[in-house]
Amino acid sequence: MISTLALGLTLGACGTVPSMPPSAADPPAVDVDAAGTWRATATDQDKQRIRNWYSSWTAAIADARAKGYGASIDREGVLLQPNAALPNPHLPPGDYRCRTIKVGTQGRGTIGYIAYDWFRCRVAAEQGLMSLTKLTGSQRPVGLIFPDNLTRQVFLGTLVLGDESLAVSYGSDRMRDMAGVVERIGDNRWRLALPAPAYESKLDVIELVPVR
């Protein structure tokens, strides 16, 4: 596991190494609590991530701007604006183009801002909810999307790295657990914002656009 983890980080957050997406027969990364809500299912660490999403977001933007990436942030417009969510955040099932932007840095050894190219994601019905799986790249979130309020849903999942073909179970490895908010930011345009990720950045934002 350690060697695989090191491989994923060395190759970069969303690099184009060959990868195997989880198959439909694989067990889900998240076991839904009997109560069926994200608060009942989430770990304490992930509840805190969601609770502090706004402060994590603004800190990430401030850090990236201080490192000279203000123009890059401004070019992304509403994608990186924390208060840009629109009503009806529900992600329809289907295939999506998705790209990740990492904002801010947790240490001196990483870049303060990096925007990756487009990869492939998929949204599907699972366990009475919707699942979101990033199919390509060297860091691939996989998990479930829970209802929350009129402008956001909550994602709980885990991170698949490198050439791994199976996701670890949610809650079994705090360094792999992921939590974020799913929001609609335009016509047929969504984002998954992941505050305080375990590695590299202060905020990850994944843009999602349906494949036509």
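Taken together, the values in this text are just the output of simple stated rules run on the coordinates, not laboratory data. Because the structure is predicted, anything quoted here is derived from the model rather than measured. A quick note on method: Cβ atoms are made from the backbone with ideal geometry, for glycine too, and the neighbour counts reach across all protein chains shown.
Structural remarks
- Between Glu76 and Asp117, the modelled labels are 1.9 nm apart [label points 7 Å from Cα along Cα→Cβ].
- Net charge over other residues, Cβ less than 11 angstrom from the Cβ of Thr151 (K, R count +1; D, E count -1): 0
- Inter-part distance where region 61-125 and region 196-212 are each reduced to a Cα centre, Å: 5 Å
- In terms of overall dimensions, region 73-162 has a Cα radius of gyration and Dmax of 14.5, 43 angstrom.
- Using the Cβ-Cβ distance between Thr43 and Asp163 with R0 set to 30 Å, the FRET efficiency works out to roughly 0.70.
- With the convex hull drawn around the C-alpha atoms of region 103-212, the volume per residue stands at 124 Å³.
- In straight-distance terms, cross-link reach from Lys202 covers every one of the aspartates and glutamates whose alpha-carbon lies under 16 Å from its own, apart from those fewer than eight places away in the same chain; here that gives Asp46, Asp63, Asp177.
- Gain in span if fully extended, Met175 to Gln127, counting 0.36 nm per residue against the direct Cα distance: 14.8 nm
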